[in-house]
Structure formats: C-alpha cells, structure tokens
Amino acid sequence: MSQDGRIKAYKKQLEKSGLPGDTYMEDVRQKEEEGGREEKNNRQPLESDKDGHQESICAVIDYVLAPALNGFVVWVLSQAMMRGIRRLYFLARDGYFMYRTACRYAESYRLPVECRYLYCSRYSVRIPGYHLSPEKALFYITLGGLDVTPEKLYLRAGFDRARREAMHRAGILPYGKEEQIPRKELALVRKRLSESRLFMELLTENSRRAQPAYEAYLRQEGMLEEIPAALVDSGWVGSMQKELDASLKRLGRKKPLSGFYFGLYEVPPDADRSRYHTYFFPPEGEIRRKVLFNNCLFETVFTAPHGMTLSYMAEKEKIKPALTEISEERKKRLTGMEKRFAAWQEAFLRQRFPAGREAGISFDRLAKDFQKRETRRAIEKNMELFMHHPTKEEARGFGGMDFSDDILENGGSRIAEELTRKELRENHLISRIFREMLSGGGYVRQSPWYEGSAAAYGKYPAYHIFQYTGYKYLLYYRKERARRKKYRAGARNAPARGT
C-alpha cells in the first residue's frame, strides 16, 4: 500500500470515532496561515530528513501514536479518580510522554490527581537490593535476551570497568568477553556465578554502596507518605511495581502501590493481580491483540529525551538521578516528537473547549468518549496497521531508530534490522519450529520489529509477515496454555473456604 493510501486508511478509522482526523491537520494549517509561529515551530523536522521519511513519521504520530497516547492517559486519570488514587508516579522513561500529557489534562480539567515523574530503571531499582536476595539477583543478572555476553552480565551486576576486567581475568565463565551465551546455557552460568566467591563479594559490596542514596530518593519523592498512589508505565511484566513495593515495605510504607499499564503479558509471581490494571491487553487471553502488537516498537517511540537512570547521588541537599548520555540526534528526534504530541493535544483541547473553559465538556464525558467502542476500535486498528502492516516508508522512517532489550541498553541495534532474504525466512513458522522444538536450537538473527524489517527490506513483505505471524500465534498460544495450566493447578491446591 502507498503512504497516501495508508493515511486514508488511518483517517477512515478515526472518522468512525470522536477523535481528530483531518481536524487536527486542518487546525494546524489554519494556525500557520494566520501566522502562528509557535504552531509552525511544532511542525519542524523531528530529525534530519536525509532519507525523506519525515512526513510518514509525522503522519503516524498524528493518526496513530497521539490518539493511543491520549486514550491511555485519559483512561489512567479516570481510573485513578474512580479508585481513589491521589498521586500517580509516571516511571522513567516510557512514562515521559504519558506524564507530560497527563499534566496538561489535570491542569485543563482541574483534576484532583497529582502527577509526578519518577526517575528510575530496572537497573537503578534492582542493584540496591541485590545483597538482600542474592538468588533473585542472579536470576535478574542471567536473564535471556537478544544478545547476552559475559560483559553484559557483569554490567547488569553493576560492576565498573575495573571490576569487569577482574572478572574476565578470573575466567569464571567459559566464554569470550563479547561471546554470545546460548540461552539454554544461562542456568549453568547462573550456577557458576553463584559459586564464585569473587563475583558474590563484588556484587554484595556494590549493592550495599548503592542502597542509601536510592532509599533517600524514594523518601524525597514522597513515596513513603501513606496516601493512595499508583505507578504508570508501558508495562509488559510489571516487575518494577513489585520491586518498588518491596523497597517501600522495607522502609515502612504500609499501603501497597497499584499500577496502570498500557499492556501486560504477565504479572510477577505471587503478585496481587487486583493491583495490576491494563488498558490495551491483560495477561489473560487477548492472543490476537498481543500478536499484532510490538512492545519493542512501543518503547522506541514512547521514551524520554534523556538518558537511563543508573543510580542516585546526593547533590547539596537533594538526591538526584545519575543518567546515561544520549546522542544529540536521538535527543533532537524525541524533543521533536514531544512537540508533535503536545500540538495534537492542544488542538484536541481546543476542539473540546471551543469557546473557553466553561464551554468545554467535563472530563468524565471525555473519558467515556475515549472508552466508546468506536474510539477504542479506531485506536486499536490504526496501531495494528502501523505495527503489523507498516508501509515501506513507515518501516524505513521508524526502522532506523535505536533499540536495546538489555537492562543497560548496551550494544543496541536498530528497531528494524536489515535482514537478508535468508534471515527473513529463518524467522518463518516452520523454520522456527524446526530450530527451537526439533533440532534443539541454533542461532537465528532476529529483528526487534520483524514486520518493519520485512516491509523495509523484503521483496515480498506480506508473505514474510504472514509466516512470522504464524510463529507469534504459536508462541502466545503456548504461553496462554501454560498460564491456564498453572492457574488450574493453583486453584486445585488452594485451601477450601473455611479451613
């Protein structure tokens, strides 16, 4: 499909809902014709347009990403008020655009919900607790990924360069520094690390050193205050909620946190499921929606224009996060996207407040409009078109953006890797079944956004995507079957009422 045809398809879906389609673009054009410099600046390039993909990026933001972002944020705010939540913590970095959007709604509608932005990462939250639970620490350190090497394992443990080099010289692991560790051998790696006195001593020392500043930051941000509070994040497994809850409980907080997520594939073991709330898909069922969604792509576009939180440090009388550096190109792109999201929201609010604040509809009405079947369907369908069936222009425009699935974002790649015809075919259903279930493994080069790779570099993208979709259906079907089996086993083993 051509890009023009795709934009028409996006608009057609939005016309069925109460969301702006051409309304937003016409509003911006009108403001520009009237000489509105600020509005015109909002349409400046998101990044260098050397490949000519800026228009497709802007179109996807306007017709796909902005409606999804606003739909989620309005749902979160509505749910928070309905459940008596008085404070929302938006987690860095996936929660950055969500936080900025929520603040604007809270201001416009004078909502009784306080929005805060919490600098954190799996890395900064887990390391201070490694010495409290070495077994859990080893589990996190040796988690699988697209590219796991000894160097990455030592980075996950929080070791600086000198300590990493000491580990390599000690030769605890039978792999080269940057050699990829097969997933099936990670259990053996975990055992070797647990038996290494040097590794465990360094792990404990580093963890104890990080703990005081981390706990001081939680106090500073009011997380020990006994008011109903919830986290807001993209989601996927909800581990941050469990980690933060454990930290706060250790520090004396009695009220557990709730969490609002765009989607969850699962929740942590032994977690209180009633405190994990989802917008787009829950852990249970919804196989089709999960297959057509790409969480890697979601994280690539919904992220902050600042680095990852590494640790916390005292600066004068405050605790501040220590962040990684990001490239100027990436910062410029994300800042441009932020302006674009803000422009969409402002146009949307003008549509809702045509003659001033008093003339606007109530937030309750707005939330109900976003939850209408037609509106939810429009958001879902456009997300599906973009994520699962991108045009070549969209795949090239977004595909070059950087992504890393590692906890420290080291050794990142493009979200849509340039795969050869052979590599695309190796990700087909039959090929993956043969390698993973029959032949016992074997390396397959993957792409975080396979559909984007197929659209950008494949000769027959629809065929490749069809084959890969079969593999994803099988993957999620097996996960769902395992979840149901585990649930039934738990139900059988649960004590009867009254015992």
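The values are calculated or read from the model by the stated rules, or taken from the named source; none is laboratory data. Just so it is clear, the structure is predicted and the values come from calculations on it, not from any experiment. Don't worry about glycine lacking a Cβ; one is built from the backbone with ideal geometry, like all the others, and counts go over all protein chains shown. Note: areas computed on protein heavy atoms with side chains; ligands, DNA, RNA excluded. Shrake-Rupley method; radii C 1.70, N 1.55, O 1.52, S 1.80 Å.
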With every protein chain left in place, what is the accessible area of M401 in Å² (1.4 Å probe, nearest 10)? 10
The chain - percent relative contact order, Cα under 8 Å, separation 6 or more: 19
Specify the inter-centroid distance of the stretch 138-211 and the stretch 286-310, based on alpha-carbon positions, in whole Å. 27
Restricted to the chain, the DSSP antiparallel beta bridge percent, nearest 5, is 30
Contour minus end-to-end for E195 and E179, with contour as 0.36 nm per residue of separation and end-to-end as the Cα-Cα distance? 3.6 nm
Let me see the pair-distance distribution of the chain: every alpha carbon pair, 20 Å bin width, integer percents in order. 20, 56, 23, 1
If each residue of separation counts as 0.36 nm, what is the full-extension length gain between E135 and R288 once their alpha-carbon separation is subtracted? 51.5 nm
Rolling a 1.4 angstrom probe over the protein chains, ignoring ligands and nucleic acids, what is the accessible area of R483 in square angstrom, nearest 10? 80
Can you give the relative contact order of the stretch 190-286 as a percent, counting alpha carbon pairs under 8 Å and 6+ residues apart? 23
Work out the length of the dipole vector of the stretch 211-260 about its Cα centre, built from +1 on the beta-carbon of each Lys and Arg and -1 on the beta-carbon of each Asp and Glu, and round it to the nearest 20 debye. 200
Given the -39500 (n - 2.57) contribution per DSSP H run of 4+ residues, what per-residue ellipticity at 222 nm results for the chain, rounded to the nearest 500 deg cm²/dmol? -16500 deg cm²/dmol
What does the charge dipole of the stretch 84-185 about its Cα centre add up to, to the nearest 20 debye, if the Cβ of each Lys and Arg holds +1 and the Cβ of each Asp and Glu holds -1? 380
List E226, E243, ordered by accessible area with a 1.4 Å probe, largest first: E226, E243
With all protein chains in place and a 1.4 Å probe, S247 shows an accessible area in Å² (nearest 10) of 10
Mind checking the dipole of the chain: about its Cα centre, +1 per Lys or Arg Cβ, -1 per Asp or Glu Cβ, Debye to the nearest 20? 1940
With 0.36 nm assigned to each residue of separation and the Cα-Cα distance removed, R373 to E226 gains 49.2 nm
Quick one: net charge around P128, please, counting Lys, Arg +1 and Asp, Glu -1 for every other residue with C-beta under 13 Å from its C-beta. +3
